[in-house]
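What follows is a single structure, written as structure tokens, with notes after it.
The values are calculated or read from the model by the stated rules, or taken from the named source; none is laboratory data. Everything quoted here is computed from the prediction, not taken from an experiment. No Cβ is skipped: glycine too gets one built from the backbone with ideal geometry, and neighbour counts run over all protein chains shown.
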Amino acid sequence: MKHTDPVDCILCRCHGEIDGVVDFGQLQKQLEDDSRLRSVSVGNALCLDGELESLAECAGGRRPGKVLIGACSFLARGDALIAGLENCGISRDRVFVADIREGCAWLHADRPGKATRKATDIVRMGMTALRHREVSADVNITVQPRVLVIGGGPAGMAAAVAAGRAGVAVDLVETSGQLGGMLNRLSRVAPGDRSAEAILTPLLEAIQAIPMIRVHTGTRVSEIRGSAGDFDVSLASKTGSARLSAGAVIVATGAKPVLPNGQYRYGQLSGVISGMELEKILKVDRSVGGNTVFIQCADVRNSKRPYCSAICCPAALKNAIRLKEIDPGAEVTIVHRDIMTPGHRLEADYRRATAAGGCFIRFAPENPPRIEGDNRVTGIRVTDILAGRERHLKADRVVLGTAVEPRIKTDRDDPVMTAIGLAADTHGFYRVQPFLHTVETDAAGVFVCGTARWPVMVDGAMAQGKAAAAKAMDLVAHPVRKASRLIGFQAVRFACARVSPTTCSGCGNCAAVCPYNACGLEKTEHGLRAAVNPVRCMGCGSCTAACPNGSISLPELGATAMVRMIENAFTAGNLTVSNALNGVADRSAPGCRDRRNGGVVNQ
Amino acid sequence: MALNTPAGDPADPVLVVGGGVAGISAALDLARAGRSVHLVERGGELGGQTARLDKLYPTDHCGFCPVWSEVRLCQHHPRVTIYTRTTVRELLPGDGFQTAVLQQTPNGIDPLRCVFCGRCARECTEDAVVPTPPHVNPPAFRIEPSRCTRCGRCSDACPTGAIDIDRKATETRVRVQGVIWATGFEAADLSPAKEFGAGSHPDIMEALAFEEWIAEAGPNQGRVRCHDGRPAKQVAFIQCAGARDRRLLPQCNAVCCMHALKQARWVKRRNPDCGCVIFYADLRTEGHGYEAYYRNGALKIGIEMVRARPGMVYPLPGGDGIAVRYENTLIRQPVMERFDMVVLNGGLRPVVPAEIDGQSVAVNTASGFIEAVSGNSRSCGFCKAPADVEVSAVHGSAAAIEMLTEGGR
């Protein structure tokens, strides 16, 4: 695509929506005078009945050029116009839509004269953008048809089974000796008081039955290199090491239970146990009697761990019901801040615990319960903020709600994942994208599910595992993929950053600001130079803003194009503005230098 | 690599009922895996409740943008067929397949031909021509059938020939291998809980209506005003209004605590002098980043949290605001406080379409939610269990993958 390719301008009247305000005679005349345009044509509604296509054909003739459309915005029908031209064989790189309806005619309906001038400016700017537009390099990725699942808990197993059933080869890596993760340690599973085996067995059976799933227990991932479509994975186990390749990585490494050391005399006084210890007891001993007090939010929802761990309230309710079933005469009290039982099933558990005779006392975080007892716990004192009085409860055991915390604190603790662009959030959980892409991360091809991304109950973790499998399958189902189509929330990414190796000074600013870990420094014969990984780059442009000498740019909208657009935003001949801007162009875009000619606008 | 899906041919179509976040996620994941999808939406456009929200927690982004990019992906996907203004009238059993009878109510104005010039609306004397909601792009007009007198002036005025008021309701039959229910939720009728005073005064609003009332693109352009036009100085948010309540809905609706924090935060942000009080039972901030939003986003800017369930909400005589009576648990005394506006938060009901009953669809609706029990009938989103955007999207994808890999089992 050349800078000098002819540009055909097609304007849309939109049945009076645009030409009712903008003076098309004047607009057309100004544009026709512009030597940079080969032709100017006008249609009534470009989006209807193939009008745009026939006008483009008339204008283009035998020598196809670029098409500049002055019509509505991209969000309205602009994208449909581009798609229409693409169907006639005009690539979308050669088309630009300048919005003169929403952003001009509708906005300035009361000032038609100024609207006409603005429309001219907008179309001129579009023309400059189109003339200076270049196309980012794209790469084809040969996709490895395998998925690596790290972590064999419920989330990881659900992901592996889903992908395996769909016929995708899966490597399931688990550091411990057996699959099941946290499910192995639970007595029963909330909500609905199910046994852990009822969830685990079908998953294990499926994993055994599906030959596409290879299980590596007692193995850890020692290194991952590469990017979406082609990861090179090193595994290490006691018996040796292995290497494999994968197209996508699903991270389901889970979280670890918080040991409430130092809280409520845990570890100092016998009878004060953690929720996980109670699970262990209830798993083997079906005859646990005596009064029990559950204390919730132990060392969580405070300044050290400013999040709710989501699983501890349902766990306490489930165990309270169980203890009441075992020993109906025992007093079971849950001392809490807010009971976290969102949804209908957990709320039903809450109601069941109340009906079973569980007692609930609310305390204020600034006034936590105090444990009593000398050699062994005998009871607790707590200020019931709803009744407004101090309560003394006898207890044979105090169970501290066990929260979960991330396995890592910062990225530095986690070189394996950092190498593939997976980062930790402020809490230490893996950072994911918001809203509709919550198992996807900033790194294409890397997905996170289960408690590795946020504390979640078993059912939620399994749903996330399946969702992650869906996204991973979509990636590996195609043997070859274009890097530009890896972006999750758009069909195609806008651009891919490009480095000018002759001007790059190797300062590393781009690597520091890139949210996708796509920029890095590479050793060349001239020293360190920035390099962009074309698979990871999502075209956000952060690097272009951070580069001190304009060596990195987005070809679709480079510094030259931007400066020329700003110049064209002002009426021709305004030398002051364009002189000032030429200075900018000088500094930021090496390509501008040879075309500088004293501030003449029409470049 | 061809994906191996146990339940028949990869091209076997799947019916997705509901075009909100969950339905869109399910439809896109099915289509990407090679299935044809019939996506049925009762309303005029995709996006569901989320697209109508002014802001989303916990990032305070506008609700429409993240959803609309997915809607566009759906619209452009060659394997997704979208039916708006359509309901599933019937599902007929077959040999491992079902035949879905889709009933599409006519749209007098073809949205593909409407250029939003407004000539029809100016001609209409009955105000029957109304624009689509502000988030819909491209914007178009539609005809409100209840007000239309079928005079035909609009169709004469239309420059593009988009209007044909004689369009008939159409019935389409599609053969589908399975159904994914993603019908979402709607506001529940709060009249059985008389103490909240719903409907007794316009300034006692339901949370979704309040969202629209204070929306940046809404009638007040982001300002918080009472219905008589004066600025609101005190706003009360009453949580669990209708939910966690045996008379109405027994469940916790999971989204309302954060929804109230978000709204209170935005009221405060646009009107720093306005006082916001949230009456709550348990503040449920268990989701991704929610507790930080509560601590840093809400408490630090002075939103007052009161743990109480107001026993009575009623308009004061002479238009002097709304009274809220509750027990202050700190001083353990009943208190009456005056507010300018009261927002009732929590009355959300899962939508269980009437056509499910008595059909050959393996679903269980005993809990009030749609719980699919077989491989070729799945549910996701709020109609399965109370869920916000994030959870709905995950469940939508999960339902899609279950349909792909466990269909027919």
So which residues in the stretch B:196-224 are assigned to a loop (DSSP other than H, G, I, E, B), over 12 Å from B:ARG52 (Cα atoms) and not hydrophobic (A, V, I, L, M, F, W, C), if there are any at all? B:GLY197, B:GLY199, B:SER200, B:HIS201, B:PRO202, B:ASP203, B:PRO219, B:ASN220, B:GLN221, B:GLY222, B:ARG223
Checking A:PRO306 against (1) under 16 Å from A:THR341 (Cα atoms); (2) within 14 Å of chain B (Cβ to nearest Cβ): exactly one of these is not met. Which one? (1)
I'd like the full set of residues that are within 13 Å of chain A (Cβ to nearest Cβ) and in contact with a His (Cβ under 8 Å, 6 or more places away or on another chain), limited to the stretch B:33-52. B:GLY47, B:ALA51
Which residue is farthest from the other protein chains (Cβ to nearest Cβ), if the candidates are limited to the stretch A:1-56 and must be of a type in the set (A, V, I, L, M), in a helix (DSSP H, G or I) and closer than 16 Å to A:LYS118 by Cβ? A:LEU31
Go through (1) at pLDDT below 75; (2) within 21 Å of the chain's Cα centre (by Cα) one by one and return the number of the condition B:VAL373 breaks. (2)
From the residues in the stretch A:474-488 that are out of contact with any Asp or Glu (no Cβ under 9 Å at 6 or more places or on another chain) and at the interface with chain B (Cβ under 7 Å from one of its Cβ atoms), which one is surrounded by the fewest Cβ atoms within 10 Å (Cβ to Cβ)? A:PRO479
Scanning the stretch A:388-436 for residues that are in a strand (DSSP E or B) and without any contact (Cβ under 8 Å) to a residue 60 or more places away in the chain, the one farthest from A:LYS256 (Cα to Cα) turns out to be A:ARG389
Failed item in (1) more than 17 Å from B:ALA387 (Cα to Cα); (2) out of contact with any Lys or Arg (no Cβ under 8 Å at 6 or more places or on another chain); (3) assigned to a helix (DSSP H, G or I), with B:GLY297 passing the rest: (2)
Mind telling me which of the residues A:HIS344, A:HIS336 ends up being within 11 Å of chain B (Cβ to nearest Cβ), closer than 30 Å to B:ILE370 by Cβ and of a type outside the set (S, T, N, Q)? A:HIS344
Just to check your reading of the model, which residue among A:ASP442, A:ASP459 is among the acidic types (Asp, Glu) and over 22 Å from A:GLY343 (Cβ atoms)? A:ASP442
Collect the residues in the stretch A:278-305 that are within 30 Å of B:ALA292 (Cβ to Cβ) and surrounded by 16 or more Cβ atoms within 10 Å (Cβ to Cβ), keeping them in residue-number order. A:LEU278, A:GLU279, A:VAL293, A:PHE294, A:ILE295, A:GLN296, A:CYS297, A:ALA298, A:ASP299, A:VAL300, A:ARG301, A:ARG305
Can you go through A:VAL258, A:VAL272, A:VAL221, A:VAL293 and tell me which one is in contact with a strand residue (DSSP E or B) (Cβ under 7 Å, 6 or more places away or on another chain), under 30 Å from A:ASN140 (Cβ atoms) and more than 14 Å from chain B (Cβ to nearest Cβ)? A:VAL221
Scan the stretch B:251-271 for residues that are within 24 Å of B:ARG225 (Cα to Cα) and within 11 Å of chain A (Cβ to nearest Cβ) and report the count. 3
Please enumerate the residues belonging to the stretch A:339-378 that are free of Cβ contacts under 8 Å to residues at least 12 places away in the same chain, more than 25 Å from B:MET258 (Cα to Cα), part of a helix (DSSP H, G or I) and of a type outside the set (Val, Ile, Thr). A:ALA355
All positions within the stretch B:369-384 that are out of contact with any helix residue (DSSP H, G or I) (no Cβ under 6 Å at 6 or more places or on another chain), of a type in the set (A, V, I, L, M) and not in a strand (DSSP E or B): B:VAL373
Inside the stretch B:68-112, can you point out the residues that are away from every other protein chain (no Cβ under 13 Å) and hydroxyl-bearing (Ser, Thr, Tyr)? B:THR81, B:TYR83, B:THR84, B:THR86, B:THR87, B:THR99, B:THR105
Please work out which one of (1) touching a Lys or Arg at 6+ places or on another chain (Cβ under 9 Å); (2) at pLDDT 90 or above; (3) at the interface with chain A (Cβ under 9 Å from one of its Cβ atoms) is the condition B:GLU406 fails and give its number. (2)
Evaluate the following for B:ASP189: is it assigned to a loop (DSSP other than H, G, I, E, B) and either under 28 Å from the mean Cα position of the chain (by Cα) or within 30 Å of B:VAL324 (Cα to Cα) (or both)? yes
Tell me yes or no: at least one residue of the stretch B:314-324 is within 13 Å of another protein chain (Cβ to nearest Cβ), at pLDDT 90 or above and either surrounded by fewer than 24 Cβ atoms within 10 Å (Cβ to Cβ) or farther than 30 Å from B:VAL16 by Cβ (or both). no
The residue that is farthest from the chain's Cα centre (by Cα), considering only those in the stretch B:272-304 that are surrounded by fewer than 18 Cβ atoms within 10 Å (Cβ to Cβ) and within 13 Å of chain A (Cβ to nearest Cβ), is B:LYS300
Just to be sure I understand, how many residues within the stretch B:298-313 are touching an Asp or Glu at 6+ places or on another chain (Cβ under 9 Å) and not hydrophobic (A, V, I, L, M, F, W, C)? 4
Only one residue in A:VAL456, A:VAL446 is away from every other protein chain (no Cβ under 11 Å), touching a residue at least 24 places away in the same chain (Cβ under 8 Å) and under 20 Å from A:MET157 (Cβ atoms), so which one is that? A:VAL446
Taking the stretch A:350-360 and keeping residues within 13 Å of another protein chain (Cβ to nearest Cβ), within 21 Å of A:ALA298 (Cα to Cα) and surrounded by fewer than 22 Cβ atoms within 10 Å (Cβ to Cβ) leaves A:PHE360
Every residue from the stretch A:167-220 that is farther than 29 Å from A:ARG352 by Cα, buried (at least 22 other Cβ atoms within 10 Å of the Cβ) and in contact (Cβ under 8 Å) with a residue 60 or more places away in the chain: A:VAL168, A:ASP171, A:VAL173
In the stretch A:473-509, which residues are in a helix (DSSP H, G or I) and under 24 Å from A:PHE96 (Cβ atoms)? A:ALA483, A:SER484, A:ARG485
